[in-house]
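Enquirer: After the structure tokens below, expect a handful of questions from me.
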Amino acid sequence: RKATLALPKIFAEPLAFDTLRGSVGWKRDGESTMVTLTNAAFANGDAAGTATGTWRSRAHGPGEIDFNAELARANIASAWRYVPLGAGVAVRDWLHRALAAGMWSDAKLVVEGDLAQFPFPGGKGGRFLFAAKAQDASIEYAHDWPPITGIAADVRVENTRLAIAASSARSLGAEIGPMRAD
């Protein structure tokens, strides 16, 4: 209960959990460290779900990962906190500003590969997949663009590709949908 996980080579700030349980093991082999996470369950104000995975240190960079998680719920406006440093400051800042509201459900996250190459453009060096259903989401794409609110959509991010299949949304008082954006 009330656990904090600090991974400064991977996340910009520590991750705080109301509850966190599971099995964690680590093994040192020379200069390399491998951490294994099994049967993990977590919850905080941002999300609740389960996860498994391994992380291995490398002589240079943030290491190599094989991580899978399923989220029963997640706050869309908090997504930026969980984006690895490898995605870049501009991506994290845009997510922080643009994703204003809503909830994810039925979410799946897969991250496999060398974190120094995240988000693995063209699938090279690894795989990044996030797929979820968004409910009552709001996005403020750019400062001079009108916000889009009430979004109900299937969202899929695979490596550097984003695909959104929205069944409904609203902007400037108009109903939008169904629509697809890539």
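The values are calculated or read from the model by the stated rules, or taken from the named source; none is laboratory data. Only a predicted model underlies this, so the values are computations on that prediction, with no experimental measurement involved. Cβ: placed from backbone, ideal geometry, glycine included. Neighbour counts: every protein chain shown. The area values use the complete protein model at the heavy-atom level, side chains included, leaving out ligands, DNA and RNA. Shrake-Rupley method; radii C 1.70, N 1.55, O 1.52, S 1.80 Å.
Enquirer: I'd like to know how region 76-176 sits against the 2.2 N^0.38 Å rule of thumb: what's its Cα Rg over that expected value?
Expert: 1.11
Enquirer: How big is the shadow of the Cα convex hull of the chain, averaged over all directions, in nm²?
Expert: Over all viewing directions, the chain projects a mean Cα-hull area of 10.6 nm².
Enquirer: Okay, moving on. Distance in nm between label sites at GLN135 and ALA101, each 7 Å beyond Cα in the beta-carbon direction?
Expert: According to this spin-label approximation, the distance is 1.5 nm.
Enquirer: R0 = 22 Å: FRET efficiency of ALA43 with ALA163, Cβ-based, nearest 0.05?
Expert: Here the calculated transfer efficiency is 0.20.
Enquirer: Before anything else, pin down the relative contact order of the chain: Cα pairs under 8 Å, at least 6 apart, normalised by residue count, whole percent. List each step's numbers first, then the result.
Expert: Details: 467 pairs, mean separation 23.8, N = 182.
After rounding, I find 13 percent.
Enquirer: What's the whole-number percent of alpha carbon pairs in region 36-104 lying beyond 17 angstrom?
Expert: Distances greater than 17 Å cover 54 percent of the Cα pairs.
Enquirer: Under a crude label model (7 Å from the Cα following the beta-carbon direction), how far is VAL110 from MET179 in nanometres?
Expert: Distance between the two pseudo-spin positions: 3.0 nm.
Enquirer: Ignoring any ligand, DNA or RNA, what whole percent of the accessible area of the chain comes from carbon and sulfur when the probe is 1.4 angstrom?
Expert: Heavy-atom surface of the chain belonging to carbon and sulfur, 1.4 Å probe: 57 percent.
Enquirer: Quickly work out the SER78-to-ASP154 label distance, labels modelled 7 Å from Cα along the C-beta direction, and quote it in nm with one decimal.
Expert: Output for this residue pair reads 2.7 nm.
Enquirer: Give me the 1.4 Å probe accessible area per residue for the chain, excluding ligands and nucleic acids, in Å². Provide the component values of the computation, followed by the final result.
Expert: Values: 10700 Å² over 182 residues.
Heavy-atom SASA per residue in the chain reads 59 Å².
Enquirer: P(r) for region 105-160, please, calculated from all Cα pair distances in 10 Å bins and given in %.
Expert: For region 105-160, the pair-distance distribution reads 23, 34, 32, 11.
Enquirer: At a Förster distance of 45 Å, what's the computed FRET efficiency of TRP145 paired with ASP29, Cβ-Cβ distance as r, to 0.05?
Expert: Numbers: r = 51 Å, r/R0 = 1.13.
After rounding, the FRET efficiency stands at 0.35.
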